[in-house]
Amino acid sequence: MRLWQKGIVFGALIGFLLTLFKREERQHVLNQSKETVNQVKYIYQHPSQSVHQLRVKLNDVMSGVDQFIYQLDQIEKKMSEKTNKLNQ
């Protein structure tokens, strides 16, 4: 690692450790860590369901992207019509 990269990592670690002096922060980190571990365990125990949920989410995203592209096409069409009217 380069010196500046080591500095970034070191600074992040120091900042993380300093935030753990507050009890609320320690509790928050502990709770989030436990939740993450539970989620990873669930995914490991139910891989097919996790893959299914991922596919459903990806289909939703793709549907949203398709709608967005359609709307952009409609805007482009309207802009072309307006430009053509102004040029005539």
Loop-located chymotrypsin sites (Phe, Trp or Tyr not before Pro) in the range 1-36, at most 15 other Cβ atoms within 10 Å (DSSP): Phe21
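Need one number: the % of Cα-Cα pairs in the chain sitting beyond the 22 Å mark.
Beyond 22 Å sits 67 percent of the P(r) for the chain.
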Give me the lysines in straight-line cross-link reach of Lys22: C-alpha distance below 21 Å, same-chain residues under 8 apart excluded. Lys34
Residue-averaged [θ]222 nm for the chain, counting only DSSP H segments that reach four residues, each worth -39500 (n - 2.57): -33000 deg cm²/dmol
With the radius of gyration and the Kirkwood radius both derived from the Cα set of the range 48-88, what is their ratio Rg to Rh? 1.43
Reachable lysines, given that their alpha-carbon falls under 20 Å from the alpha-carbon of Lys77 and they are not under 8 places away in the same chain: Lys85
How large is the dipole of the range 1-45 about the Cα centre if only Lys and Arg carry +1 and Asp and Glu carry -1, each at its Cβ, rounded to the nearest 20 debye? 140 debye
Computed Rg/Rh for the range 1-45 (Cα atoms; Rh = Kirkwood radius) stands at 1.18
With +1 assigned to the C-beta of every Lys and Arg and -1 to the C-beta of every Asp and Glu, and no other charges, what is the dipole magnitude of the chain about the Cα centre in debye, to the nearest 20? 320 debye
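A short reminder: the numbers here are calculations on the coordinates, not readings from a lab. Keep in mind the model is a prediction, meaning the values are calculated, not measured. Because the Cβ atoms are built from the backbone with ideal geometry, glycine has one as well, and the counts that use them run over all protein chains shown.
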